Each structure stands twice: as structure tokens, then as C-alpha cells.
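The values are calculated or read from the model by the stated rules, or taken from the named source; none is laboratory data. For clarity, every value in this text was computed on a predicted model and none was experimentally measured. Heads up, the Cβs are rebuilt from the backbone with ideal geometry, glycines too, and the neighbour counts pull from every protein chain shown. In case anyone asks, the SASA skips ligands and DNA or RNA and just uses the protein heavy atoms, side chains included. Shrake-Rupley method; radii C 1.70, N 1.55, O 1.52, S 1.80 Å.
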Amino acid sequence: MPADPVEVAARLVRDRFPDAHAAFLGGSAPTARRTRWSDLDVVVVLDGPPAPFRETTRHDGQLVEWFVHTPDSLRHYWRQDAGRRRTPLLRMVAEGIPLIPARPGEISTRNPAHPGEAPAQAPTRPGEAPARHSGHVGEPSAHDLPQPGAAPALNPSQPGGPPSQDPAWRGERTGRNAASPGELPEPGSRGRGYQAEAVALLAAGPAAPGAAAVDYQRYLVTDLLDDLRGATDPVEIAFLAATVVLAASDLLLLAENRWSARGKWLPRRLAEVAPELPGRLAAGQRAAVAWGDRAPLESAVRTVLDHTGGPLGEGFRVAGTIPAPHTQ
């Protein structure tokens, strides 16, 4: 029987980072979406060196991606990802399985922030994950997309926001819980603090994009769609079809002020906003590449454009900036 990924990850953390004060198993491995190619995405928090670093290793045939941080570097990369409107590291902590305390019988296979999520299932066939580097169709109208609306901006310093500045949650520097001076923090309390903070930041959403950013993305999608209509070379059609799918997806998520993503996570984020749209875009891309039929993809992309203000070409204008003089 294949090893339980949570127990494997907890053992690896114990063996390699015995001084870690928090660790989480994220990604697909601890969920029902696990496959025989799923690696272990493990976030580890240390009080200092050798953190921060990222590394991919293999243990007993299992590929492991390590994201090793200090409290400061963890929040730095959360902010960096949020600036790109993406949340890989934030989700690993917010939706991951806490691995500390990491003693037998103390690890739950459910994330307390997501109590209804099914635990991981074993792969259907045993196999070793390959090494890699360290990234039914309906026809809904524009009315089937959600009404535009903005989520609160990502601002941990707002009153009532996540406890990023609360030493009682963090227990940093002194290693003691400020809520109970003189007492060592309960094992795992700092991990619960990071997770609560990550859940709050994820729920708050990205910073509001502003009309200019949405208009610029509308312009890019409109231009790509015109290029796709006029393309005759099959290779160019294939590349344009893939590019316009990504651009249209980003446009809708930007206009709805939602987190974006890449890879398998992008259609999942898109489906949270418009459940049938990922299928329409994928089917349209296949039709354009396989048969040169661009109409289904154009229809799906036009749905997004119409929902976000319509195509934007003629009349679009962006003011430039004059760089500061170069000095020797």
C-alpha cells in the first residue's frame, strides 16, 4: 500500500529540520486530487539559517519540493506573490496540512481551515514521480458571468485584519507566547498562527486593480483576438490560441478582483468565477489548433470581453513616462 503523504512529509521534516517551529504539506498530495505524479510541497519555517531557500530532492522515490523560510521571508514572498495576483506559497500554508506537532497520532489529515475537504486518496497505480524543474462545453452568454465586484484589498495592517503583527500568534524572536509571559508556547501554536494569517490574507483578496489596469488587459485580449482571426500559419494559430486563453482568463480574474494562477490552478481559479468558461476556452483552443476553426474560441473570449467592458482597440491611449537623466 502506498505510504501516506502526510506521514511521509512529517517524518522528512523531523529528520531534516528538527528545529522547525512550523511546517505544512500543501499542493495536491494531501487531497483527493493526488496522482502518482504528485510531489510533496512542504513549507518549513525556521528561526534563522539555513533559511530561506527552495530545493527539490527525492526521498525513497518520492519527489519533494522544499520551501524553507524564516517568519520574515515567508511574509516577504507572500507579499511578492500577492503583487503578481498569485498565491502559491500563501495557499500552501492556508490550505495545507500542519505537520508540527509531528509525532505519531498527532497529525490530522484534514486542514482545520477546510474541514469539509476529503483526505488524500492513494494513487490508482503505484509509481515514481518524474523529476521536474523548480511551474461538456456549454454556451453561456455574458449574463452567465458574475456581476463585477471588488474584494477587500490585501492589507494586513488594517484594523480587524489578520494577526500578522500580533506576537501572541507569532511567538517570534523570544520563542515565547506574549499572551502568556514566562510560558513556552504550546507546540504547534506558531504554525496555527501562520495558518490563520494566511487564511485571512487569502480571503481578503488582491489589491483592487483600478480601471486603467483592466482597460490595458482588455486591449491586449482584443489585439490577440484580431491576430488570431487573421493568422493563417498553423503554428502561429496554435501559439495565439494558447496565449489568448491565458490573457482572457487573466482579464476576467483581474476585472473580478480575484486571485489568478498558472498551470492546472488557473482553470480552477477561473471556474470559481464562471464554472463553464474553462471548458469553453479549452474546447475553443482545441478547435482552433486541430481544425483551424477559431469561431468557438472567439465566442468564448468575446464573452469575457463583453463582460468586462467590451473590445478595446481604437481610442486606447496610455501616457508614457520620461526616464530620469542618467548620471555617471
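Summarising the amide proton neighbourhood of L99: residues at separation of 5 or more, or on other chains, whose placed amide H is nearer than 5 Å comprise A23, F24, L25.
Spacing of the modelled spin labels on R229 and A324, each 7 Å from Cα toward Cβ, amounts to 4.4 nm. Among 239-247, 12-20, the peptide with the highest mean count of other Cβ atoms within 10 Å heads the list, and the full ranking is 239-247, 12-20. May I ask for the distance between the Cα centers of the range 7-22 and the range 219-249, given as a whole number of Å? What the calculation gives is 46 Å, centre to centre. Across the range 263-272, computed HN-Hα scalar couplings (Karplus, 6.51 cos²θ - 1.76 cosθ + 1.60, θ = phi - 60°) run x, 5, 7, 5, x, 5, 5, 5, 5, 5 Hz from first to last residue, x flagging Gly and Pro. Once backbone amide H atoms are built at 1.01 Å from N, A29 has D41 as its partners under 5 Å, excluding neighbours fewer than 5 places away on the same chain.
Report, to the nearest whole %, how much of the accessible area of the range 182-252 belongs to carbon and sulfur atoms, 1.4 Å probe, protein only. Accessible surface attributable to carbon and sulfur in the range 182-252 totals 62 percent.
Taking all protein chains into account, the per residue accessible area for the range 1-75 stands at 43 Å² (1.4 Å probe). Per-residue Karplus couplings for the range 200-210, computed as 6.51 cos²θ - 1.76 cosθ + 1.60 with θ equal to phi - 60°, are listed in order as 5, 5, 5, 5, 5, x, x, 5, 4, x, x Hz, Gly and Pro entered as x.
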